[in-house]
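Since the structure comes first, as structure tokens, the remarks are kept for the end.
The values are calculated or read from the model by the stated rules, or taken from the named source; none is laboratory data. None of these values were measured; they are calculated from a predicted model. Cβ: placed from backbone, ideal geometry, glycine included. Neighbour counts: every protein chain shown.
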Amino acid sequence: MIEDKNQQRTQLSDLGEFGLIDHLTQNFKITQSSTVKGIGDDAAVLNFENKRVVVTTDLLVEGVHFDLSYVPLKHLGYKSIVVNLSDVFAMNAKATQVTVSIAVSNRFPLEALEELYAGIETAANVYGIDVIGGDTTSSTTGLLISVTALGEVEANEEVYRNGAKSNDLLVVSGDLGAAYMGLQVLEREKEVYKVNPNNQPDLEPYTYIIERQLKPEARKDIPVLLAELGVKPTAMIDVSDGLSSEIIHICKQSEVGCDLYEEKIPLDPQVISTCEEFDIDSTTVALNGGEDYELLFTISQDDYVKIKANPNLTVIGHMKQASEGMHLVTRADTRIPIKAQGWKNFNA
Ligand SMILES: [Mg+2]
């Protein structure tokens, strides 16, 4: 599919490492005041003055985290940035810089890497961050992308996973399960394509869920919104592995329990209809699907009035004493222990 889209094929060996990085990043602009020096020296130089700095890193591996038979390289570049920024926002911080390193085999022509970096550049522009460094090297097999993201936050405004208290409310932004169902549709269409390459799938009923899978967005707006509302979460995490495993992280680190209400879990209508079509339980998808990149956080009950009218935020449960455990309270009012079953990259 890469070959189809790129008529021109410039061999990477024609450029060399230095020529390649310069070429791929030549249009990238520096916009953050904390970036003193970006790409072009032995190291970048940053000045965060009195702010605290958060740093997070992620490694994406072809065949484990993405499949290039249906993920366009431009989307992959975009997503590789977004998934890291999501972790910065989960600290209640503002994202400021990233470094991007790739290992790539010679089956990729220069034009394919230009697509990847076009997606990276778009994400940098959308999120207002600077690309301040990176490395490229050759790989004997697939494509690897490593992104490190930095962000800044005022001292004591950062939010950890370990601050939730009993009786705090559990809140999530946006809706859940869409990225997982988008992946199910893409996997199905890939199988259909193998059998009949001339088949043109009608993906119209799935536009939202496919977009959530291929081009997710991180919730840059939520730390800003919470500051405007005068709410500092007691604990926060982003939903990358699935709601249940993120709840377990907050509960374990905060030493609390939780009741999660099934009827409160926010689902897009396209998720509900696609779950019906695939005969999958939508609650299971929200709990275990992952890759939603929404923010899950806890707030004091005193802050409920500040968030209750906001359409971006849904209260889905409340925290309890650790001894009371972690439960899903179903629509039928039965209590089921919450277990982590998210993406298991290691159990192939
Ligand atoms: Mg995270």
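Quick look at the values:
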quantity: Of all residues in segment 226-283 being on the phi > 0 side of the Ramachandran plot and of a type in the set (Asp, Glu), the one that is nearest to the ligand (Cβ to nearest atom); calculated: Glu255
quantity: Among the candidates Gly63, Gly134, residue that is buried (at least 20 other Cβ atoms within 10 Å of the Cβ), on the phi > 0 side of the Ramachandran plot and away from the ligand (no atom under 16 Å from the Cβ); calculated: Gly134
quantity: Top-ranked residue of segment 101-122 - restricted to ones that are β-branched (Val, Ile, Thr) and closer than 10 Å to Ser139 by Cβ, ranked as nearest to the chain's Cα centre (by Cα); calculated: Ile102
quantity: Positions within segment 30-82 being in a loop (DSSP other than H, G, I, E, B) and without any contact (Cβ under 8 Å) to a residue 60 or more places away in the chain, in sequence order; calculated: Ser33, Gly40, Asp42, Asn47, Glu49
quantity: Options Leu267, Leu296, Leu287: the member that is closer than 25 Å to Pro216 by Cα, surrounded by fewer than 18 Cβ atoms within 10 Å (Cβ to Cβ), of a type outside the set (Asp, Glu) and touching a Leu at 6+ places or on another chain (Cβ under 8 Å); calculated: Leu267
quantity: Thr283 vs. criteria in contact with an Asp or Glu (Cβ under 6 Å, 6 or more places away or on another chain), modelled with pLDDT of 95 or more and part of a helix (DSSP H, G or I); calculated: yes
quantity: Pairs where the first residue, in segment 239-264, is closer than 15 Å to Ala322 by Cβ and the second is within 16 Å of the ligand (Cβ to nearest atom) and modelled with pLDDT under 95, C-beta under 9 Å, 6+ apart; calculated: Ile247/Ala340; Ile248/Ala340; His249/Asp241; His249/Ala340
quantity: Hits in segment 195-217 - residues which are part of a helix (DSSP H, G or I) and either farther than 26 Å from Gly77 by Cβ or in the same structural domain as Phe66 (by TED's automatic domain parsing) (or both); calculated: Val195, Pro205
quantity: Unmet requirement for Asp241, which otherwise passes all of (1) surrounded by fewer than 21 Cβ atoms within 10 Å (Cβ to Cβ); (2) within 20 Å of the chain's Cα centre (by Cα); calculated: (1)
quantity: Residue list for segment 137-172, restricted to those being aliphatic (A, V, I, L, M) and not in a strand (DSSP E or B); calculated: Leu143, Ala155, Val159, Ala164
quantity: Selected residue (only one of Val83, Val88, Val36 is at pLDDT 95 or above and in contact with a Pro (Cβ under 8 Å, 6 or more places away or on another chain)); calculated: Val83
quantity: Options Val231, Val256; residue that is of a type in the set (A, V, I, L, M, F, W, C), more than 17 Å from Asn92 (Cα to Cα) and outside the structural domain of Asp87 (by TED's automatic domain parsing); calculated: Val256
quantity: Of all residues in segment 75-97 being over 10 Å from the mean Cα position of the chain (by Cα) and within 16 Å of the ligand (Cβ to nearest atom), the one that is nearest to Ile237 (Cα to Cα); calculated: Ala90
quantity: Options Ser69, Ser80, Ser105; residue that is over 12 Å from Val54 (Cβ atoms) and in contact with a Ser or Thr (Cβ under 6 Å, 6 or more places away or on another chain); calculated: Ser105
quantity: Which numbered condition Asp4 fails, given (1) within 16 Å of Ser146 (Cβ to Cβ); (2) modelled with pLDDT under 95; calculated: (1)
quantity: Failed item, numbered, when Ile102 is tested on (1) in contact with a Lys or Arg (Cβ under 8 Å, 6 or more places away or on another chain); (2) of a type in the set (A, V, I, L, M); (3) not in a helix (DSSP H, G or I); calculated: (1)
